[in-house]
Structure formats: structure tokens, C-alpha cells
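Take a look at the structure below.
Please treat every number below as a calculation from the coordinates, not as lab data. Fair warning: this is a prediction, and the values are worked out from it, not measured in the lab. All Cβ positions, glycine included, derive from the backbone under ideal geometry; neighbour counts span all protein chains shown.
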Amino acid sequence: MGLAGILLPERADIELPWGRLRPATDIDLRALAHVKPHRVATMDDQVTIDYRGDVVCETALPYRIDIDPDFDPMQPWPDRLRAHLLLGERLRDLQLGLLLTEQDDASGSPRIVLSWQSVFDPVLGTNGTANRDPAQMPHLDPIKLTEAACERWARWVQLLDEHRHTSITVALSRIVRSSIERADPADSLLDAVIALDNLFGSKGSDLTTRIAYAVAWLLGRSAEERHRIQKQVRNVYAVRSEVAHGEEVDDRRAREHAELARNFVLDSIRALLAHRSDLIPLKPSRRVEILLSGG
């Protein structure tokens, strides 16, 4: 997979649970020579990225041949033959792992997007390559990662792989969508709040209060900090409600609360992966009960 948005240190070779990351080479980009224009972005005249992808992720997928005389091509593809879906899952882990990675300076939160992918078929002996139109890709702020940041990125990807569970899949997907794919701040806010709902939502009345308290108890280190977090989460849900019910919310206000919601989601995922992985397999309602009881 070719990834655009960041630069790695020279000769970087980052090991992952299911593959490796390395800088792209001229050989990698040779197959994309036809892609015009070669869109680039530069930050402070120092870091320039190529939207064709400056980073390559190499990974292997299980290969299976299933001989079924009763196979019906009009039916959905069998689950047992959907190994290719792992590519999307691993791309999400890379994107989210990078969002979780704290940078060594105030350069912001790096984002990566898929620019191309090439799949080698060991039986047919062929490569199938597909690429995205650079003109249709979201704006990316160029960032060059340090070696220390690369190590932290790999660690978050490892934790995501170790603690993979369907109970938080919606939250992981929605926060990536909110942070990377959404151009409209209102849409970004809605996705981020859906992620919070998946992490801490439950049936019953006063849902916002329970979520606000759960986030506060997970992240707050003092009574004062927990009070501040509760108030901010309530504000996020109030603005989300305005957006969802068609009220006029200006872009500045929506963007401010979308960023606040994203930060709560990312901080919560960091806390769950690094310190409270015991809560991950639980239903959101049970997760909230334990947090509110001080457990």
C-alpha cells in the first residue's frame, strides 16, 4: 500500500505485527508515472510530500483456493474468501495509530491516506495495481516523523492489533472518518460523537450525562479536571444535537466542537489501549458502570 501525508526518516524500516513500513522508492512509483499532475504539498519550505505516496506498507494476506462445484457467482462472496478485507482493517490501524501518536513538536496531528495499492497473486504471478486520483484526495499537511515518533506509531498499531474487538470497531472507524475523510466540520462532529456513543453509550435516560461522567472518570486526574471534562462533553453533545436537528451552526463553532470531540475520542482510545484494556471487550453500558463506580 502506498501512503501519502508524511515522510519517514531516511532508511527507516518499521516493523508491524503484520508487516513493515518503509520509505517509497522510485521503483515503487514507477507504475504511477502516468498519474498527472504529480500533486505535492510543502510545509514551511522544508517538508514536501508527494500525493502518489512517500511511504509504503508491505503486508501479506492469507491465500485460499476454494473448489466449490456449487458456487453461484450471483451470490455474495463467501466470508471465508474475504481476506482482502484485511487490507482495509490494516489501513485503518495505520491511520488511527498515527492519530494516536504524540509528536515531538507542535507540528500538529499527521494524517495519512491510501494513494495506491498493489496486490501480487502468487498463483497467477501477476500484480494488480490501483491508484487514487491525487486531485480527489483530501488536503494533507506535510509532516516528517522523527525516529521516536515512528517507534510510538508502531507501538500504537501493535496495541490496536493486540486488543482488537468488535465492541469498539465502530468507534475506531468513525474517528478515522472524522479526522481524515470529512471535509465538512458538521459531518466530522457527527462522526466523532458516534465514536463516543460506541465507547460509552447505553440505553436509558440521560445518556449525555452518563457519557460525560464516563469520559471524565476515564481521563480526569482530579475533581477539577473531571468537572471541566463533563462540561465540555455536554457542550459537544449540545452542538451535535443542533446539527442533527437541522439548526444553523456556523463552521467555526462546528469545527471547534468537532476537534474537541475528536480529542476526547482519541484520548479515550489511548487510555483504554494503554491502561484499561480490561474494559475493551465489554459492552459500552458495562464499561460505563465500571468507570462510574470507580473501578
Next on the checklist: Which order do the peptides 18-31, 269-282 come out in when sorted by mean C-beta neighbours inside 10 angstrom, highest first?
Outcome noted: 269-282, 18-31
Next on the checklist: Give the residue list of trypsin sites (Lys or Arg not before Pro) in region 55-91 that are DSSP loop and have at most 11 other beta-carbon atoms within 10 angstrom.
Outcome noted: 64, 82
Checklist outcome for this item: Note on region 126-231: contact order normalised by length, alpha-carbon pairs under 8 Å, 6 or more apart, percent, works out to 17 percent
Next on the checklist: Starting from 0.36 nm per residue, how many nanometres of slack lie between residue 66 and residue 286 once their C-alpha separation is accounted for?
Outcome noted: 75.1 nm
Checklist entry - With the chain treated as a Gaussian network of Cα nodes joined by springs under 10 Å, which of 124, 196, 16 yields the largest mean-square fluctuation? => result 124
Item to check | Relative packing of 163-172, 222-231, 51-60, which averages over residues the other C-beta atoms within 10 Å, highest first | outcome: 51-60, 163-172, 222-231
Item to check | GNM result for the chain, Cα springs below 10 Å: residue of 220, 246, 97 fluctuating most strongly | outcome: 246
Item to check | Shape box of the chain [Cα atoms, principal axes, largest first, Å] | outcome: 59, 59, 39
Item to check | Angle between the chain longest axis and helix 85-100 axis [Cα atoms, degrees, rounded to 10] | outcome: 50 degrees
Next on the checklist: Placing unit charges on C-beta atoms (Lys and Arg positive, Asp and Glu negative, everything else neutral), compute the dipole magnitude of the chain about its Cα centre in debye, rounded to 20.
Outcome noted: 740 debye
Checklist entry - Hey, what angle do you get for helix 185-200 against the long axis of the chain, alpha-carbon based, 0 to 90 degrees rounded to 10? => result 70 degrees
Item to check | Where labels lie 7 Å past Cα in the beta-carbon direction, separation of residue 250 and residue 31 in nm | outcome: 4.9 nm
Checklist outcome for this item: To the nearest 10 degrees, the tilt of helix 223-244 (Cα long axis) against the first principal axis of the alpha carbons of the chain is 70 degrees
Checklist entry - With labels modelled as points extended 7 Å from the Cα through the Cβ direction, what inter-label distance (nm, one decimal) is found for residue 267 paired with residue 183? => result 3.1 nm
Next on the checklist: What does the net charge come to around residue 282 if you take all other residues with beta carbon closer than 11 Å to its beta carbon, with K and R at +1 and D and E at -1?
Outcome noted: +2
Checklist outcome for this item: So residue 165 and residue 227, fully extended at 0.36 nm per residue minus their Cα-Cα distance, gain in nm 19.3 nm
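Figure the gain on full extension for residue 74 and residue 234 (residue separation times 0.36 nm, minus the Cα-Cα span) and round it to one decimal in nm.
52.8 nm
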Checklist entry - Using only Cα atoms, what Kirkwood radius does region 200-295 have, in angstroms? => result 14.0 Å
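Count the net charge of all other residues whose Cβ sits under 13 Å from the Cβ of residue 64, scoring Lys and Arg as +1 and Asp and Glu as -1.
-2
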Checklist outcome for this item: Mean separation of Cα contacts under 8 Å (at least 6 apart) over the residue count of the chain, i.e. the relative contact order in percent, is 19 percent
Checklist outcome for this item: Rounded to the nearest 5, the percent of antiparallel DSSP beta bridges in the chain equals 90 percent
Checklist outcome for this item: Given Cβ charges of +1 for Lys and Arg and -1 for Asp and Glu, the option among 21, 99, 60 whose Cα lies farthest towards the positive end of the dipole of the chain is 99
